[in-house]
Each structure stands twice: as structure tokens, then as C-alpha cells.
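The structure under discussion appears below in the form of C-alpha cells.
Quick note: the coordinates plus some simple rules give every number you see, no bench work behind them. Keep in mind it's a predicted model, so treat the numbers as computed, not measured. Here the Cβ is made from the backbone with ideal geometry for all residues, glycine too, and neighbour counts use every protein chain on show.
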Ligand SMILES: [Zn+2]
Ligand SMILES: [Zn+2]
């Protein structure tokens, strides 16, 4: 919260004036409301504002404060009329439009939210009012935060002027690199017959009139449909206005016009990604529901069987009541682990009786074959405790490929010895080599990858399918990816890219890892690292970070320290990492903030090595010397949490020896079973089924 309101504070109504010159007579009341807000007395706030509005109708500050209080109370249905009245009374007030944008965002109207927020920005005359829009910006951004559709959010934050926020967004966005690549509008190509129209459309796009720009470029595309620049800009602007189906259409038209197959493949993948179509190798997997006749004997039977493992869900405290309503088991087919990798696995979830219905058991699996196997096994094992099973259609369109990868999670959990993981990797590679290429894909209009490659009209989209497949593998943290995957699918590997022939700044993010690191100049190395760092380009970082950290011709700078930190974090040999860490800390000691960063890394290395005594010393030093360094308290807190979890884990491991636990890293969502190894940020596609939950 800002400092308390006084007569020279900016008016909270977004008028751009100081209170003294705007709504001086309301100052005592505004101060009172401000204190109520500080104290979280939102109900009282709304009542007080309602009273004041009788006496002072139509005042901007009262509309704005009421909007804030209603949003805090989550009374979304009242937000819109309040904002509409605000806009009607003050059509040039930025906060009025921003309130309307929030209301639209809460109601899921993405385009209306963007349009109103752009109006709000266009109405801003002073820096102070622009800054007052920050709260609204985040509300709108959150409303648009479909993870596949970040372009609109990024563009809005940039238009508002939140440089640092876009950096954070770029870093944390889990989207594939070809979807994250920020694309800039391109200028009119030479000899373009409708240059005036093109420039006008560009001008609209650059002056916050995105919807008009979209219409202008669409009109141009009808006339000049063979010009890549038109489609490129159209794809970008349609992304800004969150019109994803039409952004995808533009991306595909553009993909058909670019020179390189690689560029085209990335555009095709992007188009499929933002519309959520992905590969389209959909498959229906039934689930079987049984009424439980005898819960006690069912539990006993399950617990005795070597093929059944209870799954323990570890959740945050506040979610416990929700999760205790169900129990989960894994049922696997022969051979039984830990001696071997089973042929199939299914999940059983038991929902206890409610007033309306008896207890119920649901059996789900990752493929129709597995469900059939599981059904046979379960009925042979515990048929006496169960009523007749009902087969329900799956209520989610999973992909065969995604399901295949997810099967591995069901199979391995914690109890497959590492050596046997090779069996899974081998099965997966066989699937990718033999089955995937002949699966009909909706992405290729029902043709398979193999057929697509051979079809000149579909070839580029088929290459895009490889990127989507790779994204699925990354999602499940499985291999092979990159060039290994291409080779497995019969394609030739790409790269290396020689930076003396292709300027590294022009290499797309998704191919930055192909740049020949050895041939980069010092300057290029720094620039490439910074780009990879900003967009969390993992594979590129893995190559660029050590090259920069170990390059002693480059003086120590915050960038080289960042590279060193990445290098230490990814070095599997802890003894070696420790030596580097100590040497680099010494070399970079003159750099403010560097010591603390290396201390934190050393603490992590010591934790991996189990050297708790050294951690105690480091902790003392960090507290004494670096508590005020930027970023260090947060980094230290993350380390502390890991340390505590490690200590707790050691204590608890004996107790839980038999029960593999599924820990949701983010606490998961109530009522949903977090699926092992599949959790990333909310909304990750493909949507995974969750037992007992539609
Ligand atoms: Zn005012
Ligand atoms: Zn230090």
C-alpha cells in the first residue's frame, strides 16, 4: 500500500490531479476509506461508498474505490455495472476503462478486457495515472493467462510499460521456445503496391489501436495474400487481441510463404499450439465404475495383493479435508515390480459413501488395452466385493502419444530400479519409431506423419508435428528430444549453425542450442547467453552457460556470474562443481552481490553431498554478510525449504518405505489427483484425466 492519502496525493479516481485540486472536500472520507482498505474491511468500505455516492453522485474516486473493494470481495457481478456507470460518467477517465477491463476479465471476456485496457492506456495523460493502472493490468493479465496464449498478455504488459514484468514472464513461461519467441511487426516490403495502407495499419498497431490494425491488415491480406509481411503482422496483431483461431490461420498462411522449412515448421507448431489442437491423435479411453458392496473386504483384498500399491497423496494442510475423501491404489499387471517392469498399470480410486450413493470404485488406465487388462484382473481379484461394473466413455480427448508417455509414469512411480528404466526408454523408442509415424493425425487432416512428409502440401506441417511431439516428451520429462528425436523419426539432424555465416542474433530461440559455441566471439557469447537466460532456453543454456563461465578472457560481470550459477546448477559432478564454485567466488569477489550468489550455489552442492556441517557455516555467513543483497533472501528461503524437506525426507523415509508418495509440487488442485511427473504450471496441455473427476 502507498503512503497515507493527503491533499497532495494523486486522486484515487484516476483524474490525474492531486486531491487538493480535484476532490478536496472528500479528503477526510477518502482517508477513512483508505484506512478501511488497509484493514481489509471491504464490506464496510462498499457500504460507506454507497452512502457517499448518494451525497456526491458520479465522483470518479468513489467509482474507482468501489471497484477495488468489489474486486477484493470477489463480487464480480457487481463490478461490471459499477464500471459501466463509471465510464458513462467519465468517458475519458483511464481508471473507468481499466475497471471495465477488470470486469470483462473476471467474466472471461478476453477481447473486451483487452479493448477496455487499451482505451485506459490511451486515456492516460500523466505518468501517475498510468501507474495507477497496475492493479488492473494484473487482473486483466490473469484473466487472459491461458498458458498457450501469452502473446496478448505480453503485449499488454509491454504497452503499459512493465519492462521488468515482461522479463519475468519470458523467464517463467513454460511454453515451448517457438511459441515464446517474441515477434516484432515488420515494416512494409519494398515495391508493395498498397504501401500507404500497410503503413497506416502499422501505425494503428503501434498506437494501441490493435483491433483496428487487425482489421486493416485483414483487408490488406485479402488483396495481397501472397505477401509474407502481411501475414506475419496479422499473426502478431491477432495474437495481441487474443484472437487465437485467426492468429493460427495467419501463422499457417505465413508458414506457407517463408523460405526455410525450419521457420515454417515452427510456425505450424505455433499455430497448432495456440489453438490447443496439438497432434490430434485422439483416442477414447473408457473408465469403469463399480458400486462397492463390501468396502472392508475390498480394502483387505487390495492390500494383500502384490500387484496393488496404495498411493499416498501428500498435500498442503488446507487441502487435506478434500483429499481424505478418496483413496487411491495402483494395480499393475505381471511381472510384478520391483523385479521387472510390468506390462500394464491402472489406477483405482475409491470414493466413500455419501448420503445419496454407496461407495464407488473407479478404474482408469492410460490406454483402452490397459483398462481391459485392469478390469479382468480387478474382477478376478475382488469381484465379490464389487457390484457390476459400468463402462463410461472418457470425457477428455487425450492423445495416443500423450497417453503413451503418461503410461510410463503409472508404471515406474518410485519402485522401478534405475536399470529397468532403460526398458521403458526402449519401449518408448520403439513406439516413436514404429507406431507414431503411422498414426493418423488430425493436424495432417487424418494423414500420418509418414504420409505427411511425402506430401508436398503437408510436409512443413508434418515437420511442425515433430516439434509438437517433442513438446509432449518435454512435458513428461522424457527423451529423446532435439536432434536425437529427429534421427529416431528418420529425419536428418540439424546444425551446427556457424555464427560466422548466420548472425546469432537472427537464430530463432528454438534453434539457439544449435549455434556452434566454439566459434562465437566473446560479445556474441554474452549476447546469446543473455537471450537464452531471459527465455529459459534450457538446451541452449546448457551449452552457452559453461562456455561463458569458463571463458577467462571475459571479465567477471553479473552476466558471467549468472552463467556460472547455471553451470554449477547443471554440473552432475558435485566435487568438480565445488572446486569451480570456490574459485569463481574468489575471482569475482570484487563484484557486488557475486559472493552471495556463489554461497547459495555452494550450499546446494553441499546439500547434494550431504555435508550438513558446512551448510551451518555457510548459513551463518549468508545471514551475516548477504542478508541485504538483492535476490539472496528469496534464494536462501528456497534453499532452506529444500533443506528442511531433505531432513524431513530422511526421517520419514523409513516409515514410508513401502508406499510411494505422489507429491504435488504446487499443492495441486482440490479434488484432483496430481499425476506423477506431469505437473508443471496450471493448464498445461494435454489435459490429463484425473481419477473420479470429470
Ligand atoms: Zn478526485
Ligand atoms: Zn559470501
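Observations
- Across the chain, Cα pairs under 8 Å and at least six residues apart give a relative contact order of 10 percent.
- With R₀ fixed at 22 Å, the C-beta to C-beta distance from residue 455 to residue 491 puts the FRET efficiency at about 0.90.
- Centroid-to-centroid separation of the range 550-589 and the range 58-113 [C-alpha atoms, Å]: 50
- Here the residues 11, 102, 123, ranked from fewest to most Cβ neighbours within 10 Å of their Cβ, fall in the order 123, 11, 102.
- For the chain, the convex hull drawn through the C-alpha positions has a volume of 204 cubic angstrom per residue.
- Taking 481, 506, 166 and counting other C-beta atoms within 10 Å, the order from fewest to most: 506, 481, 166
- With the simple spin-label model, which puts each label point 7 Å out from Cα in the Cβ direction, the residue 620 to residue 590 separation comes to 3.0 nm.
- Between the alpha-carbon centres of the range 448-492 and the range 592-616 there is a gap of 41 Å.
- Alpha-carbon spread of the range 141-188, three principal axes, descending order, Å: 33, 24, 18
- Computed from the C-alpha gyration tensor, the three semi-axes of the ellipsoid equivalent to the range 19-144 are 22, 17, 13 Å, from longest to shortest.
- Applying 0.36 nm per residue to the separation of residue 92 and residue 612 and subtracting their alpha-carbon distance, the gain on full extension is 181.1 nm.
- Using a simple spin-label model with pseudo-atoms 7 Å out from Cα toward Cβ, residue 521 and residue 207 lie 4.0 nm apart.
- Stretchable slack from residue 72 to residue 419, in nm (0.36 nm times residue separation minus alpha-carbon distance): 119.6 nm
- The mean of 1/r over all pairs of different alpha-carbon atoms in the range 120-266, once inverted, gives a Kirkwood hydrodynamic radius of 16.2 Å.
- Counted over all Cα-Cα pairs of the range 418-488, pairs farther apart than 15 Å make up 55 percent.
- The calculated FRET efficiency for residue 583 paired with residue 109, based on their beta-carbon distance and R0 = 45 Å, is about 0.20.
- Distance between the 7 Å Cα→Cβ label points at residue 434 and residue 135: 6.2 nm.
- The listed peptides 423-433, 399-409, ordered by packing as a protection proxy, come out as 399-409, 423-433 (highest mean of other Cβ atoms within 10 Å first).
- Taking the empirical scaling 2.2 N^0.38 Å for compact globular proteins as reference, the range 189-287 has a Cα radius of gyration ratio of 1.23.
- 222 nm mean residue ellipticity, helices alone, for the chain (DSSP H n ≥ 4; -39,500 (n - 2.57); rounded to 500): -17000 deg cm²/dmol
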